[in-house]
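Step one of this worksheet: look at the structure below.
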Amino acid sequence: MSTTPRIAIVGAGLGGLLCARVLQRHGLPVTVFEREAGPGSRSQGGTLDIHEDTGQVALRAAGLCDRFLALSRPDGQEWRLYDRHATLIRHDQAGEGDLSRPEIDRGRLRTLLLDSLAPGTVRWSHSVQAADPLPGGTARLHHHDRAVEDFDLVIGADGAWSRVRPALSGAQPSYAGVTMVEAHFDDVDHRHPGIAHLVGSGTMSAKAGGRSLVLQRNSNGHVRAYVTFRGPQDWHAGLDLADTEAVRARLLTLYRGWDESLLDILRDNEGGFLNRPMFVLPVPHRWQRVPGITLLGDAAHLMPPAGVGANLALLDGADLARAVIGHPAVDQALDAYENVMLPRAIDNATAAQQMLTTLLPDSGSDTDSEAAVFPTPLWPAGGLPDAAPAHTG
């Protein structure tokens, strides 16, 4: 560009940080605004499978792919599918040297991205309230303390409940009809050998009708469980979600008739249960170009967790940064970026919605035939869409 643009990224999630890294790598300054108090202020969620044709492409553009691969767990690509009787239906394992979708803990990947940025890039404890376009193609950020700052480009990377999105679109996330209840197991190989046997080195899923049980192995012997089912958002009506034993009893009733080894996922978790209702943006979600403002990741295309969310956020960040670097004006860069990102997002969101309907049908009986073999499991590999509200700048 003929002049150096003033660039703000709202949200220090994976996509926003990747975008900042690529911009800085090409000499463009950028400021990231994040409402979290610091990088360790909350849990960053579970494990991610980073795909060679999306997420790894983005990390390569950031000059970080080799470091990512050194931290990743290729054996985490293992996947086991069971029916509700705990009969193993399918077992996939990565071949030797297969790096097509290695796993990494979300927190570890975020740390890699944070450490790659110039000191002071992220302004912690800076919550953004809104963004507005200004005459002349610039944009104004409104901060939580009523201060304002003007930029040539504002990038909303602030997740499901984006404060930047209203500047471009009136769309709001809606409940998808599916809830995930999260549970945890520590030191699983020693303290929970039955759980360790079910999950193996990667992910397992057991499914019948509109319900599933998912286990994900993370680093250091930690396993996350996701109890996933169709039902009303207020499925817990009359329950105190802080009453672990009451929630456990309700879930055991919901999964009555499943194999005892699978029910141990509901019986033996450490700590409480976390309620994760699934929210999605409408499909298609698009907007008319607004000068000086755009979106990436869940802020642009919140969809069911089908293993693509984090990968698309990373690729969005890389594509947007490269568009800014490669065009003489911000408006031209946003045209180039959105012309690629929006159709890609619509295609992936459509596929994710179809997968959700196939894997967790709206109705049906709990028969073994419903525990069919699917090419892709439903698990939060792309991150829980509503589990990271802190990335709202």
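The values are calculated or read from the model by the stated rules, or taken from the named source; none is laboratory data. What you see is a predicted model, and the numbers here were worked out from it, not measured in a lab. We place every Cβ from the backbone using ideal geometry, glycine too, and count neighbours over all the protein chains shown.
Remarks
- Selection within the range 122-166 - β-branched (Val, Ile, Thr) and either in contact with a Phe, Trp or Tyr (Cβ under 9 Å, 6 or more places away or on another chain) or free of Cβ contacts under 8 Å to residues at least 24 places away in the same chain (or both): Val122, Val128, Thr138, Val148
- For the range 305-333, a tally of residues being more than 18 Å from Leu17 (Cα to Cα) and either surrounded by fewer than 24 Cβ atoms within 10 Å (Cβ to Cβ) or touching a strand residue (DSSP E or B) at 6+ places or on another chain (Cβ under 6 Å) (or both) returns 10.
- Between Gly15, Gly55, the distinction of being closer than 16 Å to Asp158 by Cα and in contact (Cβ under 8 Å) with a residue 40 or more places away in the chain belongs to Gly15 only.
- Within the range 260-316, the set of residues being within 21 Å of Thr179 (Cβ to Cβ) and in a strand (DSSP E or B) comprises Leu274, Asn275, Arg276, Pro277, Met278, Phe279, Val280.
- Entirely in the range 126-225, the strands (runs of 3 or more DSSP E) that have 2 or more residues that are surrounded by fewer than 21 Cβ atoms within 10 Å (Cβ to Cβ): 128-133, 139-143, 148-151, 174-185
- Answer from Thr121, Thr87 - the residue that is of a type in the set (S, T, N, Q), over 30 Å from Arg211 (Cα atoms), at pLDDT 95 or above and surrounded by fewer than 20 Cβ atoms within 10 Å (Cβ to Cβ): Thr121
- Number of positions in the range 1-60 that are under 30 Å from Leu99 (Cβ atoms) and of a type in the set (Phe, Trp, Tyr): 0
- Among (1) at pLDDT 95 or above; (2) closer than 30 Å to Val122 by Cβ; (3) out of contact with any Lys or Arg (no Cβ under 8 Å at 6 or more places or on another chain), the one test that Ala388 misses: (1)
- Hits in the range 25-68 - residues which are touching a Lys or Arg at 6+ places or on another chain (Cβ under 8 Å), charged (D, E, K, R) and surrounded by fewer than 19 Cβ atoms within 10 Å (Cβ to Cβ): Glu52
- Taking the criterion of being exposed (fewer than 13 other Cβ atoms within 10 Å of the Cβ) and of a type in the set (Val, Ile, Thr), the only residue of the range 249-271 that qualifies is Thr253.
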